[in-house]
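The values are calculated or read from the model by the stated rules, or taken from the named source; none is laboratory data. Since this is a predicted model, take the numbers as computed values, not measurements. Neighbour counts are summed over all protein chains in view; Cβ atoms, including those assigned to glycine, are modelled from backbone coordinates with ideal geometry.
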Amino acid sequence: MMKFKTPQKGRIRRELEKRAPKLVETGKKTLILHGTKTSQVLNDVMTEIYHLKRDNSVKYTRKNDNIRPFESGGETSLEFFSLKTDCSLFVYGSHSKKRPNNLVLGRTYDHHIYDLVEVGVEEFKSMKSFKYDKNLAPKIGSKPFFAFMGEGFESVEELKHLKEVLLDLFHGEVVTNLNLAGLDRVYVCVAVSPNRVFFTHCALRLKKSGTVVPRIELVEVGPSMDLVTRRHRLPDDSLRKEAMKTSLEKAKKKEKNVVKDAIQGKLGKIYIPDQKVGSVPLPHNAKGVKRERREAKLKHGTTEELPEEKKQKLDSE
Amino acid sequence: MEMAQESYELDVGNLMASYPHHSFASTPSSREELVKECLQEGTKLVQAIADALFNLPSTESPDGPLVQLPQPTTRLPREKPLPRPKPPTKWEVFAKKKGIQKRKKDKVVFDDQTGSWKRRHGYDRVNDDKDVPIIDAKATDEPGQDPFAKRQEEKKKRVEKQEKNRYSNLKEAAKAGALPSHVQLAATALPITGSQAAPRKISKDELGNVAGMAANATASGGKFDKKLPGEKPPKHDKKYRKFLPVAEGSGMGSLERQQTEKVLNKFMAKNSHEILNVQKAINMYNVKKDKKGRSQGGKSSSTDNKLKARKSPYKKSSTKGPSNKGKSK
């Protein structure tokens, strides 16, 4: 027997519609969580990633003992959280003797794990340890630049994968219109060796150069860290193919109040709010004041007279 | 410098630049040096993106120049599958076949009965059942039928039919995997055919109990059966039975002693005669003695004895009584 359930409340209906698959997707949300054990370094890393992506991320603070992204059966809980929070990117931290300061960056497709990259965090420097002019501090939700340097990002499989995941994690929304005044941050990633990436976050300082293009200076604002690649898992080819599909047709925005006519051409309707001619505000005659004052006000037409009247009254007494 | 700029790979849509041929001039000795060099190189890359970006045609806005970004070249996977196209409803198919065009209806309609403009649907709507005070009788009307009730019933039927149509359209959409996002498919348990009552959902505990009963229903009490993964052992697989400890001690150890003492006390008590039914005891003793005497008296003439006893038990007792009594006493 099948039953169709529809939400009784509009709020829930709108929320479900937001989560529905779209032709052109807006930004992905990030889930930040950790396993049974973490270290201070890892806690800081996760908090700061959360700060960088504050506008669209969810951070869990409880420990999760049944999440092991690379093992079969260890992903169920993670996939459930992804469904619950509607997040398709996740950052999972764990700390063990075998893999200290371990960070698993991953993506999900249709709330199932798509790919995973595991990195170890070394030489972490927190945001707090950087001193800079606070006016330069990047704003939440601004579109970042990316600079990837080093041969490793082209030749080494792990780094190639890491590059894609880092880009997906930090690039924010895909936009068509960009405000050039709002550009204020760069992520710099350098492949130092085949398994080590130097990752840092910088603010931009735009200086006048005499031309249209300003001269750009980078100011390191942190966090900065070394990512040492460990395990990684690429998606299946079939899954990848499915996930890479894009719609040919764009989602059309409904054009309101415009009619196309064969004879008259394009016609638009303009709505002008009611001008309320009948209730034009007249000079203020307050009814709440005493009669003497009201009369005085009408006689002189100014309010300056009133204090004098008061004085006179006092004199007469 | 210019040579280097040409080898930068730019993706202006993602504001990304990569420089695969980068190599450190000399291996940096300290962390500070490495960071410094990375930032220098990074500045060049960002400058390269900015060059491309600031030269794009821009429009002025109060907040700053707006630029139309090109499509990103680095393709990233989607987070959810593409939405499937919704199959047409039965009406849509029919309308297309007949060439029926959609047309807009006004939200308000002039109501002749009240002579005012009213909503087409909803509260205080036009031609509402409540606003019909009189229904003209027709020749076809059956006597004894309430026209108002009939009208209401007809409306109810129409609503039900529409709901049924909606469900069948939704089913088609579910088959195509294109249900509207706010509609969820909730599969309930299959009803037993013929039963009208909606199937009740069985709780986890109830299911566990039934499974436990089924598992024990073998000759061996489920002892040799293979356990299913996740199956819990039955709560009471043995009899409720307690054995008292053999060795004497305090607490549990003294329980056995207490039990025997309790029985003994009953017999040794002052009013033990009340416990002992003297009359019954005498009867039992007599019967036993009687049996003994008979078996000893003559096994050969057992049949005679029986016959005699049947003939006249009173007479015999009177004649043989004294002798018996004498024996017994």
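Counting only strands (runs of 3 or more DSSP E) wholly contained in region A:149-266, the ones carrying 3 or more residues that are under 26 Å from the mean Cα position of the chain (by Cα) and surrounded by 17 or more Cβ atoms within 10 Å (Cβ to Cβ) occupy A:185-193, A:196-207, A:215-233. Within region A:36-46, is there a residue that is small (Gly, Ala, Ser) and not in a loop (DSSP other than H, G, I, E, B)? Taking every residue of region A:36-46 in turn, none turns out to be small (Gly, Ala, Ser) and not in a loop (DSSP other than H, G, I, E, B). Within region A:211-227, can one find any residue that is at pLDDT 90 or above and under 24 Å from B:Arg75 (Cα atoms)? For region A:211-227, residues at pLDDT 90 or above and under 24 Å from B:Arg75 (Cα atoms): present.
The residue list B:Pro65, B:Pro83, B:Pro70, B:Pro87 contains one member that is in contact (Cβ under 8 Å) with a residue 40 or more places away in the chain and touching a Leu at 6+ places or on another chain (Cβ under 7 Å), which is B:Pro83.
So that you can scan it fast, the table gives a plain yes or no per residue for (1) facing chain A (nearest Cβ under 7 Å); (2) aliphatic (A, V, I, L, M); (3) more than 22 Å from A:Leu162 (Cα to Cα):
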{"site": "B:Pro28", "(1), (2), (3)": "no, no, yes"}
{"site": "B:Glu32", "(1), (2), (3)": "no, no, yes"}
{"site": "B:Cys38", "(1), (2), (3)": "yes, no, no"}
{"site": "B:Lys44", "(1), (2), (3)": "no, no, yes"}
{"site": "B:Ala48", "(1), (2), (3)": "no, yes, yes"}
{"site": "B:Asp51", "(1), (2), (3)": "yes, no, yes"}
{"site": "B:Pro57", "(1), (2), (3)": "no, no, yes"}
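Applying the condition of being in a loop (DSSP other than H, G, I, E, B) and in contact with an Asp or Glu (Cβ under 7 Å, 6 or more places away or on another chain) to region A:1-34 and asking which residue is nearest to A:Lys143 (Cα to Cα) yields A:Gly27.
Could you tell me whether any residue of region A:201-208 is more than 10 Å from every other protein chain (Cβ to nearest Cβ) and among the hydrophobic types (A, V, I, L, M, F, W, C)? Yes, some residue in region A:201-208 is more than 10 Å from every other protein chain (Cβ to nearest Cβ) and among the hydrophobic types (A, V, I, L, M, F, W, C). Across region A:75-125, the qualifying residues are those that are in a loop (DSSP other than H, G, I, E, B) and touching a strand residue (DSSP E or B) at 6+ places or on another chain (Cβ under 6 Å), and the one among them that is farthest from A:Asn195 (Cα to Cα) is A:Cys87.
Report, by residue number, each residue of region B:71-102 that is within 14 Å of chain A (Cβ to nearest Cβ) and loosely packed, with under 14 Cβ neighbours inside 10 Å. So that I can check it myself, show each step before the final result.
The initial filter retains those residues of region B:71-102 that are within 14 Å of chain A (Cβ to nearest Cβ), namely B:71-86.
Correct list: B:Gln71, B:Thr73, B:Arg75, B:Pro81, B:Arg84, B:Pro85.
Within region A:220-241, how many residues are facing chain B (nearest Cβ under 9 Å) and of a type in the set (A, V, I, L, M)? If you could, list the steps in order and put the result at the bottom.
Residues of region A:220-241 that are facing chain B (nearest Cβ under 9 Å), as a first pass: A:220, A:224, A:235, A:239-240.
Now drop any that are not of a type in the set (A, V, I, L, M), which leaves A:239.
Going through region A:220-241 one residue at a time, the tally reaches 1.
Scanning region A:110-151 for residues that are at positive phi and among the hydroxyl-bearing types (Ser, Thr, Tyr) returns no hits.
So that you can scan it fast, the table gives a plain yes or no per residue for (1) over 19 Å from A:Tyr114 (Cα atoms); (2) under 21 Å from the mean Cα position of the chain (by Cα):
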| residue | (1), (2) |
| --- | --- |
| A:Leu33 | no, yes |
| A:Ser39 | yes, no |
| A:Tyr50 | yes, yes |
| A:Asn64 | yes, no |
| A:Pro69 | no, no |
| A:Ser72 | no, no |
